[in-house]
Amino acid sequence: FMWACYTHAMRQSGLGALEAASFVGFWSFVVMAIIALFTGTTIGDAPMGDIMMLLTAQGLLAGCVAVITYGLAVRHIGSTGASAFGAMTPALTALGGVILLSEPGNLALVLAVVLVILGVMTASGVFRRVRI
C-alpha cells in the first residue's frame, strides 16, 4: 500500500528520480533518528564489517540505487508499468535463493516465476505492442 502511495505521489509531484530519492532518504533519516532517540541504539557495539554490509545493502543499494531507478522507471514507462515490475521481486528473490544459496527448487517455484513474469509482461503492455 505504501509503495503504491509513493508511486502515485512521485508521479504527481513532478520530482525527478534523484530529487525523489533525496526526499525519501532525508525523511527516512529523520524518522529513524527520532526512533533511535526514544528507543536507543546499539550500533556502536556492532562489528564494522556488519555496519559496512548494512550501509552498502540498505543505504546504497536499497536506499539510493533502487529508489532512483524506480523513479526513472516511473518517468519512462509510467507508474503502472513500473509498479508491475515490482511484482517480480519475490519471484527473482526465490530464484536468487536457488541459484546463490543452493536452496531447493521445484516445479511449483518455476511455474510461479513464469506466471509472475507473464503477469508483469501483461500489465506492462508488452503483449499489446507485439501484434502479429
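At-a-glance table
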item	result
Sole residue being out of contact with any strand residue (DSSP E or B) (no Cβ under 6 Å at 6 or more places or on another chain), within 17 Å of Val24 (Cα to Cα) and surrounded by fewer than 14 Cβ atoms within 10 Å (Cβ to Cβ), chosen from Leu101, Leu111, Leu60, Leu115	Leu60
Count of residues meeting criterion [hydrophobic (A, V, I, L, M, F, W, C) and exposed (fewer than 13 other Cβ atoms within 10 Å of the Cβ)] in the range 10-45	13
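Any read-out appearing in this document is the output of simple, stated calculations on the displayed coordinates, not a laboratory observation. Since the model is a prediction, treat every value here as computed from it, not as a measurement. All Cβ positions, glycine included, derive from the backbone under ideal geometry; neighbour counts span all protein chains shown.
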